[in-house]
Every structure is written in structure tokens, then in C-alpha cells.
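Have a look at the structure below, then the notes.
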Amino acid sequence: MAILEDPLRLVIGDKAAKPLGRALDLHTVGDLLRHYPRRYETRGELTDLASLRDGEYVTVQAVIAKVTSRPMRNRRGSIFEATVTDGRGQLVLTFFSRGRQDWRERQLAPGLHGLFSGQVSTFRGKRQLAHPDYELLDVGDDAARAAAEYAAEMIPVYPAAKEITSWQIAAAVRVALDVLDIQDPMPQAIMERHGLCGLADALRGVHRPIDWADVRRSRDRLKWDEAFLLQTVLAQRRLAATAYSATPRPRMPDGLLDAYDARLPFELTVGQELAGAQIGDEIALDHPMHRLLQGEVGSGKTVIAVRAMLQVVDGGGQAVLLAPTEVLAQQHFRSITDQLGPLAQAGELGAAEHATRVALLTGSLGAAARRRALLEASSGEAGIVIGTHALLEEKVQFADLGLVVIDEQHRFGVEQRDALRDKAGDGRPHLLVMTATPIPRTVAVTVFGDLEISTLTELPAGRAPIFTHVVPAAEKPHYLERVWERLREETAQGRQSYVVCPRIGGDSPGGLDDDRAGQDGGASSGGPDGSDTGSGDTGSGEAEGSGTGGGGPDAENARPSVAVLDLAADLEQGPLAGLRLAVLHGRLPPDEKDRTMRAFAQGSVDVLVTTTVVEVGVDVPNATAMVVMDADRFGVSQLHQLRGRVGRGRHEGLCLLVTEAEADSQSRQRLDAVAGTLDGFKLSRLDLEQRREGDVLGAAQAGRRSSLKLLTLLKDEELIGRARADPALARQPALAAAVRVLLDQERAEYLEKA
Ligand code: ADP
Ligand code: MG
């Protein structure tokens, strides 16, 4: 008899245990039994060979179609090839040998059915597995095992590795299950209330199911355990967070905040009032605020942030505002200093009483300006410091950092947040993170642990609507002419437009490489297959000029996407001749970017041809039209963000999504979804559904995935909620004990991070 904590070697022997430990990091019976099948093959049902991807380790069920054997050309030995099929596609199994391979030829006879396991590659246009391991399903050298296998209709397929095949894992699991002796930590009452099966049953059912119902039942129980674990970890984090102290910054009468409110040219919306009051109350407490402010694009989050920052400045502290791009940091700096007027001119003639200063710190500052900004931050002269990743550097210090504000948080990882927080000396600063790319609550609490959430749902009154249309350039080429005419009409009425392209173009070395895909780990881009290009942060510096979302067509037959420099030249000569055009992209020197952005904001540029540098936050109310070229190459949330740049003033906004994607394609459906709703929450859900968990959680969460194997945060939202809501759980010492092993590991990781 064995328990979950027993070392594997005691149960399956040293020889079998070694590769499991080495290749898959499975050391105990529990490790092995929580290594769940990736999927199940139904006996006789062949694997869809078209779904295989190069580089993957796979196990496929297929039928041998034909075999060939020939001597090697330049060396001694032979090549034996077996072609297997799923009835449609083919896969070549290649075996090299020093000698003849007659025995293999006898073994792998056409018509036989087997499981084949190896790494997929493509050779001369054919998919192949070189030297795969295999197990024939019709015959077997180990008669007893074959008989047992045969009885089961469903064959588990495990995540395997080079050293160890799926069926070797299955064999080890079989032994472990046979000797397993488990005390189910979950009380009968809870199992009954939630209709869950026992743990021993669940483990057996997930590894050796009788049918799909068995799989579902088993997974339900195992997922439930994971949801419970998740809730326990989160509860613990919340508890840990309350252990930190922070300097309270209660609202002071007649300070900068009051003066700012008096200067505001508009009334706050009800949502802004509410969120503002919540935030104001929390930063008045002696433990750190941890709040996420989510709000639709254009809902006016910045004002809330500025008001919180001023409350902290009134309380003698400093506030820092981190923005993901230089363009956005500069814009914040400009608009906040404008709004504050004399309130931000401390030390200057005409400054208001209690005035403070606002400093800007970005990577592109000249040495002198940089020194001044650093000094203003460290001396405390600047009450508000605005900047990009440059703020995270060690040299940046504050006299008394009371509040960290992170704008467009989906562009940042947890690490960056923590880097800023660590600059507060003793205790922790209050934290406000803002996003226009909302994520579901369950995901949010997991990603942010102890974050409270405020949501702005309404837009300020008097905001004109945005109309979005898909322009099918392939089917209706003359529509494109109409697009440019529309921009001329906007210009004729004194308004401005954006033309957004996925790529910079020009003579960039490497051609396409400024077209880097989805650099942000958040929900605003990323391929439909959840390609792992997102690193979870923009650690390489500013996020500008890059970042076209995924969703593009397969690389093979794609023409390069429309490029800023090429299109700008074409438009200038052709359809937009005579208008004042300017280009903006990440390769421009920062001061030129700033100059161009200013010119556009002041209305001396009619049409700005640009990359996604304008994706987040840019605010030019007189810009009313946006054309997105190759719109299908952007992610859903990213398009929503982009279009949020227009319709910011009194005039209605127009967004034209130009695409060559075919009418019924998935890409077109995504574009239609964007055109069909202005609800960013709906769209971000759509975006999330197409991604994998790791992309949602970002790099910083990778460690945790080890204990969340079956649970998917988005699909299992309801289950996770139930696990939290069951008050009986909190009083279950037995259950708590059962997760302690996992939890300890969690906690260790968490503490390391903290
Ligand atoms: P976002 O939430 O997308 O960051 P911003 O903070 O950039 O939005 O605000 C968008 C625009 O709306 C800004 O020009 C801002 O000055 C303006 N604004 C904010 N709040 C209000 C309000 N209550 N009434 C009118 N305009 C507002
Ligand atoms: Mg904003």
C-alpha cells in the first residue's frame, strides 16, 4: 500500500522512477497521479494528423499504410520508413539503423494499428517522426498488458518527453493506482452538497476512465480541489497584504486637490465620483490600498488618478505614474501640468500656495534633464513623477513615495509593479492600477491576488458615439477609394484622422522585424493560437512601434502587412495629396515623436499615419476618424483600444477596419464583433477565450501553473466562485491539511516574489 507522499521508486522501482523524475519532475506517487492525461484516444479512433505541429512531442493513434526499406546511400546501414495515416493525412516514421531492419519490417506490418510517439518535424514537405517509440494496439509482446489495455476503450495520452513515452507513464500510473491507499480529506457533507466523487475514484477515473462521463466526473472533483487551493492561496495573500503598513494620507481641506477640483472644466461622472471616493478613503488608511480601476476606453480614469495623487501630495507624500509608452507618458505630463497650471509651478513666479512640481522621466531624456528629474524626485520637490520603464531603474529614488499609479497595467508584469513599490522605503505605498482592457473578476483576483476592483462603466456625458465599419478591401476594392475620400471630408470640416498600419516599413534591417507580434502579456494582443510571444511585460524598453496583435493569416502565404512609410508616401502622392500628413512610429527619435504628437494635438497635422504607438491613452479630441489597415492583424481588444482614440470630443467618431480577410473567415468574424459592439468588456472576453491560460496569467504566473492543471480560470469561473463561497470549507482542518503540501510550495514561491 502506498500513500501520495511516498517516493515513486518504492512503488515502481528505481529504473522506472528515474526517467519520470528526470524528464517530468515527478518524484512522489502524488506527483505521478497528478500528472493527468492530456487527452484520451478512443480505441479505433485515429488522431487527426493535420493538427500536429513541428517541434511538438506527440503520441498519435494511426494505421500503418505502407512500409519501405532501403540501404543508406553513403554509409553502411538502412533506412526504414513506415507511412501511417488517419485516413486523410499521412505521417512518415523514419528509422535509421547500422544494420538491416527486417525485424522491424515484420513488426510494423501495413494494416496494423498503433500508438506512435516522437517529435514532429517536416522533411521535404512531409511530416515525420524520426525514431518514434511505438506500441502496437493489435498485438503485444506482453500478453497480459495487452489484454488489460484492450479491455479499456479509452487510452490516456500523457504529456510525455523524449526519455519517456505516454504508455510508459500509463504503466507506472497503473501500478501506482493498484497500491494506492487514500484518505479522502474532503468531508462527505461537502462532497454531497457539490455532487463530487471521492478522491480515489477521481484519480482512478481520470487515468483509467470507462467512458467520458467517468472523465467528467473525475475532473470535476479534481478541479474542485484546485479551485479550493486557489481560494486558499488568495485568502492567504489577502491576509499577508494586510500585514503591511502604509502612511495614511487623509484628504486635507483647502489643499491642491480642492484647488484642482475647482479648476476642472467638467463635472465628474457618477462613476468617477464613486471610484474617487473609494480610493480617497482607502489611501487615508494605514494599510496599503491595492486597487484596480477598470474603465472603458475614454471613461476618464486619468482624472481619478490625478485626484488620488494630489491627495497624497497634500498629505506630504509623492506619487508616481507609470505609463507603458513614451508617447503616453509625455501626453500625461503635458495634460497634467496644463490642468494643474499654477498648482504645479512650485518655485516659479506666479505659483499657487502649496504648489508642487511635476517631473517627467523617460529613457530618452538628455543628461541634464534627467539629472534634474532624478533630483526633483529624490528631494521630494516633485510631488508627481510621471514616466516610463525608466522609472524602474535603481537610481530613481523618492523622498517619500506614497502612491504608485500604473496606467494601462496590461502592459506591465507584477515584477515591474513590485519594483516601483520597493522604492517606498519602510511600509508600502498605496497602489492604483488602471486598465481599459478589463479581465474577468476571477482572472483579476488571481493575477492581482489581493486587488480590489472599481469599475467605470459610463462615459462622460456629451461624448459622441463611435461608428465602426469593416471595409472588405479584397471583395470591394473601390471601397478603399471611398475610405480616403472620407478622410478628405473630415479634413474639409477641420477635423483630423489617424491611419494605423501594422508595420513601420522602409529600409528596416530584417524587413518584417518591426512587426513584432504581441509584446504585451495582457489581453490586448496575441495570436489566436495563444502563441507564446508575449513575454508578460515590455521589459525590452518602450513598447512603441511594435505590437501588432495576432490573428494574422498564416505566415506562409501572407503578403507583408501594410507599412506606415510605404502607405504615407502613397497617400501623399495619391488620394490624400495636398493634405498635411505626418508619420509616427517607434523608430523615430523620441523628441521627434513628441514634436509630431504635439503638432497633431495642436491641429497642424491633418492625417497621422502611425503604428500602434497611439494604441493606448492618446487623447486628441479633434481627431474623429481612424482607418486601420490590415485590421485582421490586430487583436480584438487592441482594435477596441485603437478606436478609442476617436470620438473623444463633441463630434462622432468613425473607425474603418480595412481587411482582405475573406467574408466567412474567423478573422472577419472577429472584426465584425468589434464593429458590432462598443462594449470593451465583452470584447476582452472574446479575446481571452482565444488564449491559453499562460498568456492570460503572464510570465509571472508560470510558477503557479504547476498546481492548477485542470482548472481554467475563464471557463471555470463559476466553480471557482463556489469554492470560495462555501463557508464550510474554511472550517475544514482536514481539507486544509491536504492542500498544505501544495500550499507550502506556493507560499515559498510567493514569499520569494514578495
Ligand atoms: P481613459 O479612461 O481612457 O484613460 P481619459 O482619462 O484619457 O480616459 O479621459 C478621456 C477624456 O475625457 C479626457 O480628455 C478627459 O479630460 C475627459 N474627461 C474625463 N472625465 C470627464 C468628465 N467627467 N466629463 C467630461 N470629460 C471628461
Ligand atoms: Mg488612459
Practice task
Taking only protein heavy atoms into account and a 1.4 Å probe, give the accessible area per residue of the stretch 233-294 in Å².
Solution key: 50
Fill in the blank from the handout: By accessible area (1.4 Å), largest first, E490, E267, E105 order as E267, E105, E490
Exercise for the section: With r as the distance between the Cβ atoms of D422 and Q278 and R0 = 30 Å, compute the FRET efficiency 1/(1 + (r/R0)^6) and round to 0.05. Expected result: 0.75
Problem - F96 accessible area, 1.4 Å probe, all protein chains in place, Å² to nearest 10 - result: 90
Practice task
Heavy atoms only, probe 1.4 Å: what % of the accessible area of the stretch 332-397 goes to carbon and sulfur, would you let me know?
Solution key: 52
Handout entry: Modelled FRET efficiency - R0 41 Å, R193 with D672, Cβ distances, 0.05 increments
Key = 0.45
Practice task
Kindly sort S117, S364 by accessible area of their heavy atoms, largest first, with the probe set to 1.4 Å.
Solution key: S364, S117
Problem - Cα-projected label distance for S335 with A262, points at 7 Å along beta-carbon direction, nm - result: 2.5
Exercise for the section: Give me the distance in nm between label points sitting 7 Å out from Cα along the Cα-to-Cβ direction at M1 and E81, one decimal. Expected result: 5.7
Exercise for the section: From largest accessible area down, sort E485, E353; use a 1.4 Å probe on the protein chains. Expected result: E353, E485
Exercise for the section: Provide the solvent-accessible area of T165, counting protein heavy atoms only and rolling a 1.4 Å probe, rounded to the nearest 10 Å². Expected result: 10
Problem - Approximate spin-label separation A474-D54, in nm, with each point projected 7 Å along Cα-to-Cβ - result: 2.3
Handout entry: Cβ charges +1 (Lys, Arg) and -1 (Asp, Glu), total dipole of the stretch 85-141, debye
Key = 420
Problem - Average Cα contact separation per residue, the stretch 158-307, under 8 Å, 6 or more apart, as relative contact order % - result: 16
Exercise for the section: Report the full-extension gain for the segment A461 to E394: residue separation times 0.36 nm, less the Cα-Cα distance, to one decimal in nm. Expected result: 19.9 nm
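The values are calculated or read from the model by the stated rules, or taken from the named source; none is laboratory data. Just so it is clear, the structure is predicted and the values come from calculations on it, not from any experiment. Note that each Cβ is placed from the backbone with ideal geometry, even for glycine, and that neighbours are counted across all protein chains shown. The protein model used for the area step is the full one, side chains on, heavy atoms only, and it has no ligands, DNA or RNA in it. Shrake-Rupley method; radii C 1.70, N 1.55, O 1.52, S 1.80 Å.
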